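What follows is a short report on a single structure.
The values are calculated or read from the model by the stated rules, or taken from the named source; none is laboratory data. Just so you know, these numbers come straight off a predicted model, no measurement behind them. Using ideal geometry, Cβ is built from the backbone for each residue, glycine included, and neighbour counts are taken over all protein chains shown.
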Amino acid sequence: MARLTTLEHYKAGMLLSGVGDALGYRNELWEYNESGPAIHQELQELGGLKSITVQLPDWPVSDDTVLHLATAEALATGKEGEELLQEVASRYVEGMKDMEGRKPGPSSILGVSQLKPGTEGGYRVAYNPEGTGCGAAMRSMCIGLRYPQPEQLSSLVAVAVETGRMTHPHPTGFLGAVASALFTAYAVQRRPITTWGLGLVKEACPAAKEFVKTAGYAVEETERDWGFFTEKWEWYLELRGLSLGTEPVIWPDQYGPAERDEAYKSFSHSGWAGRSGHDAPMIALDALLGAGSNWEELMSRAGFHGGDSDSTAVIACCCWGLLYGTEGVPPCNYSNLEYRDRLEKSAEELYKLSH
């Protein structure tokens with residue numbers, strides 16, 4: 001019998017998402033490093049994961065955690081519908097004031113600059129064909145903590161789509177938010193990880209497409225650009241032998257840091273692994289499938305690779321914390337994390353609201 005998800009799991013999910021972000025970011029040094037083997041070499045020189053005390057000034061969280069907190073704290077107010085979306089928009093605007101040294105992406109900066117919280121429809125921005133990045137995916141895990149039950153899928157999808165397209169109106173961008181939210185909901189449900197990708201393609205994406213139609217905003221552009229996200233996910237599921245959601249996973253014979261760099265590039269939109277809405281959750285899932293309950297292995301796969309390593313780790317680590325708690329994580333990795341209190345507090349609020 002799978003262990004039930006407790007308040008401690010919720011807190012671990014939010015806390016470790018911040019840890020994965022800070023570690024994968026390494027104060028700008030690793031997020032922009034294109035070589036996994038080089039990062040692993042530097043990690044070894046630091047004495048390995050067990051020797052890293054994640055705290056300021058060397059290990060700040062990036063824009064990922066600041067905006068994830070904005071989403072989480074908005075959801076924690078218990079607001080729903082239009083009122084919730086206005087709240088989220090307002091917190092994204094506020095969050096953008098806390099970006100010194102955190103490197104927010106261009107679509108996030110542009111999108112938030114267009115938000116007009118408090119005015120009618122002020123949470124919507126113009127369609128942006130460039131809005132394909134991972135900025136929506138990396139801040140949406142908490143949506144699955146607010147709407148974790150299978151029967152809440154339509155709420156999860158609606159909130160992920162609308163908050164995602166506040167900055168990333170392109171489906172490759174906002175469907176990343178749907179994926180992150182869905183995967184954390186699946187983690188809470190204790191659904192087998194091998195079925196997560198299939199659930200995304202067969203359940204959540206069709207629900208999102210239907211929602212976009214019903215919401216009646218930028219429908220034509222969205223439908224025109226829809227195909228890439230689902231096609232790439234179908235390709236990935238085929239690659240891993242998960243098209244039917246059944247085990248065992250098919251892995252390459254060699255799959256170390258160098259091989260993973262190549263594989264992750266092949267997942268990507270244009271060669272920068274984890275940078276887009278479709279492949280940040282994809283790399284996170286790949287890491288969860290391969291790491292099991294081993295924290296070091298999870299970080300090795302999700303956090304220490306060439307490309308956008310903090311955005312893949314922030315998603316993977318949230319799901320991992322929900323599944324396994326903080327068991328096996330060296331306390332120095334999380335005890336002094338920046339914003340630890342806020343992360344745990346929002347987890348407590350979301351846990352209450354979801355029950």
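Looking at region 131-144, which of the residues that are assigned to a helix (DSSP H, G or I) and touching a His at 6+ places or on another chain (Cβ under 9 Å) is surrounded by the fewest Cβ atoms within 10 Å (Cβ to Cβ)? Only one residue fits best here, namely 142. Cβ-Cβ distances below 7 Å connect the following pairs, each with a first residue in region 175-197 that is modelled with pLDDT of 95 or more, a second residue that is of a type in the set (D, E, K, R), and a separation of six or more residues or different chains: 194/247. Among the residues making up region 173-224, those that are of a type in the set (D, E, K, R) and assigned to a helix (DSSP H, G or I) are 202, 203, 209, 210, 213, 220, 221, 223, 224.
To keep it simple, each residue is scored yes or no on (1) touching a Pro at 6+ places or on another chain (Cβ under 9 Å); (2) surrounded by fewer than 24 Cβ atoms within 10 Å (Cβ to Cβ); (3) of a type in the set (Phe, Trp, Tyr).
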| residue | (1), (2), (3) |
| --- | --- |
| 154 | no, yes, no |
| 160 | no, no, no |
| 176 | yes, no, no |
| 180 | yes, no, no |
| 184 | yes, no, no |
| 187 | yes, no, no |
| 190 | no, yes, no |
| 195 | no, yes, no |
| 200 | yes, no, no |
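So for region 249-257 (the condition being closer than 30 Å to residue 131 by Cβ and modelled with pLDDT of 95 or more), does at least one residue qualify? So far as region 249-257 goes, no, none of its residues is closer than 30 Å to residue 131 by Cβ and modelled with pLDDT of 95 or more. Residues of region 102-130 that are under 24 Å from residue 308 (Cα atoms) and assigned to a helix (DSSP H, G or I): 106, 107, 108, 109, 110, 111, 112, 113. Looking only at helices (runs of 4 or more DSSP H) that fall completely inside region 1-101, which ones have 3 or more residues that are hydroxyl-bearing (Ser, Thr, Tyr) and more than 22 Å from the chain's Cα centre (by Cα)? No helices (runs of 4 or more DSSP H) qualify here. Quick check on region 336-345. Is at least one of its residues in contact with an Asp or Glu (Cβ under 8 Å, 6 or more places away or on another chain), surrounded by fewer than 19 Cβ atoms within 10 Å (Cβ to Cβ) and in contact (Cβ under 8 Å) with a residue 60 or more places away in the chain? Within region 336-345 (the criterion being in contact with an Asp or Glu (Cβ under 8 Å, 6 or more places away or on another chain), surrounded by fewer than 19 Cβ atoms within 10 Å (Cβ to Cβ) and in contact (Cβ under 8 Å) with a residue 60 or more places away in the chain), the answer is yes, since at least one residue qualifies.
So which of 287, 316, 280, 273 is under 22 Å from residue 200 (Cα atoms), under 17 Å from the mean Cα position of the chain (by Cα) and assigned to a loop (DSSP other than H, G, I, E, B)?
Working: 287 fails: assigned to a loop (DSSP other than H, G, I, E, B); 316 fails: assigned to a loop (DSSP other than H, G, I, E, B); 280 fails: assigned to a loop (DSSP other than H, G, I, E, B).
Only one candidate qualifies: 273.
With the condition kept exactly as written, say whether any residue in region 244-266 is surrounded by 21 or more Cβ atoms within 10 Å (Cβ to Cβ), in a loop (DSSP other than H, G, I, E, B) and either touching a helix residue (DSSP H, G or I) at 6+ places or on another chain (Cβ under 6 Å) or free of Cβ contacts under 8 Å to residues at least 40 places away in the same chain (or both). First the steps, then the outcome.
The initial filter retains those residues of region 244-266 that are surrounded by 21 or more Cβ atoms within 10 Å (Cβ to Cβ), namely 260, 264.
Now restrict to residues that are in a loop (DSSP other than H, G, I, E, B): none.
Taking every residue of region 244-266 in turn, none turns out to be surrounded by 21 or more Cβ atoms within 10 Å (Cβ to Cβ), in a loop (DSSP other than H, G, I, E, B) and either touching a helix residue (DSSP H, G or I) at 6+ places or on another chain (Cβ under 6 Å) or free of Cβ contacts under 8 Å to residues at least 40 places away in the same chain (or both).
Evaluated against (1) touching a Leu at 6+ places or on another chain (Cβ under 8 Å); (2) farther than 23 Å from residue 190 by Cα; (3) of a type in the set (Phe, Trp, Tyr), residue 320 falls short on exactly one condition, (2).
When residue 101 is tested against (1) touching a residue at least 24 places away in the same chain (Cβ under 8 Å); (2) farther than 23 Å from residue 334 by Cβ, just one condition goes unmet, and that condition is (2).
Could you tell me whether any residue of region 9-21 is modelled with pLDDT of 95 or more and among the aromatic types (Phe, Trp, Tyr)?
Of region 9-21, the ones modelled with pLDDT of 95 or more are 9-21.
Next, from what is left, pick out any that are among the aromatic types (Phe, Trp, Tyr): 10.
So far as region 9-21 goes, yes, one or more of its residues are modelled with pLDDT of 95 or more and among the aromatic types (Phe, Trp, Tyr).
Taking residue 147, is it touching a residue at least 40 places away in the same chain (Cβ under 8 Å), aromatic (Phe, Trp, Tyr), over 28 Å from residue 196 (Cα atoms) and buried (at least 22 other Cβ atoms within 10 Å of the Cβ)? Answer is no for this residue.
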